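Working notes, structure below.
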Amino acid sequence: MPIEEENTVDARVPDARGVTAIERETIRRVAWRLIPLLMLGYFCAYLDRVNVGMAAPSMRPDLGFSNAVFGFGAGLFSLGYLLAEVPSSLMLNKVGARRWMARILITWGIVSGLTAFVWNDWTFYSIRVLLGLSEAGYYPGVILYLTWWFPSYYRSRMMAIFTSASLISLIIGPPVSGLLLLLDGSLGLHGWQWLFVMEALPPIIMAMVLWTLLTDRPDQAKWLRPDQRTWLNERLASERAQREAIRKFTLGGAFSNLKVWLLALVDLGRNMASLACLIQGFGVDNAENA
């Protein structure tokens with residue numbers, strides 16, 4: 001009797017592009033498991049980051065804020081973000097992504113909700129700094145987290161997919177915010193107060209979701225097959241060994257690296273342009289005084 005060939009594909013045999021079946025299956029499974037969760041968290045971040053602009057037209061007159069006071073307070077978010085960005089990422093590396101990202105989400109959700117109850121300029125300033133401190137570690141934490149899960153070949157495309165959540169938020173957020181402003185007067189709250197309270201709920205809910213579904217490291221991923229976990233761990237360890245054979249960066253070395261500062265300068269320009277558009281949205285121009 002002729003021996004029938006098994007209708008299977010050896011996971012170790014690369015296809016025409018040089019990608020083995022186990023690599024393709026593992027990356028696909030990891031991406032579908034982790035990227036949507038991280039995107040939803042970033043969606044919440046941008047929602048709570050830009051809703052202050054939607055609240056401005058009614059919030060400023062209700063609280064008696066000038067454009068200068070409101071613009072200054074809105075900008076203080078960046079100060080808190082700057083102060084906490086690196087320490088928060090170090091804590092994420094120490095305690096694990098699942099625990100720390102859940103903490104970040106629930107903290108900034110609570111702080112964002114408390115914005116509804118500011119009563120003067122100093123409480124507004126304080127809550128904006130606290131919001132920056134609370135949210136700071138999420139975006140850089142995700143960048144670090146992706147290096148724990150994706151080989152270098154895949155990281156740029158995963159980052160591109162992840163950051164698209166900010167654009168989605170800018171599409172969905174304003175119409176939702178506009179509807180929430182229509183609740184003005186309900187239960188004795190202004191529309192802008194409803195805006196902050198209701199948009200504080202998504203990050204708090206996402207904190208619970210990440211706590212339940214996020215996995216810190218590939219060797220803890222029970223949702224991967226044993227051979228997939230082995231392949232991923234070996235691939236990442238191999239890349240790390242090759243990289244550290246050339247140079248191993250310390251925290252101090254990163255701060256003294258010229259390329260890091262050049263990239264920071266590029267990002268500074270991008271954020272300054274975004275902030276300029278935000279302030280212009282408040283109706284502040286260079287001819288207007290406090």
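Just a few scattered comments:
- Under DSSP loop assignment and at most 16 Cβ neighbours within 10 Å, longest chymotrypsin sites (Phe, Trp or Tyr not before Pro)-free interval of the chain: 1-118
- √(5λ) per eigenvalue of the Cα gyration tensor, the stretch 26-98, largest first, Å: 34, 18, 7
- Among the listed values [x] 180; [y] 144; [z] 157, the one computed from these coordinates for volume of the Cα convex hull per residue in Å³ is [x].
- Taken as entire DSSP H runs, the helices of the chain that both span 15 Å or more between Cα atoms along their own long axis and average -0.5 or more on the Kyte-Doolittle scale are 21-63, 67-95, 97-114, 121-135, 138-149, 152-181, 201-213, 258-281.
- Reachable lysines, given that their alpha-carbon falls under 17 Å from the alpha-carbon of residue 259 and they are not under 8 places away in the same chain: 248
- Put the Cα centre of the stretch 214-244 next to the Cα centre of the stretch 27-76 and the gap is 34 Å.
No lab work stands behind these numbers, since they all come straight from the coordinates. Given the structure is predicted, the values throughout are model-derived calculations rather than measurements. No Cβ is skipped: glycine too gets one built from the backbone with ideal geometry, and neighbour counts run over all protein chains shown.
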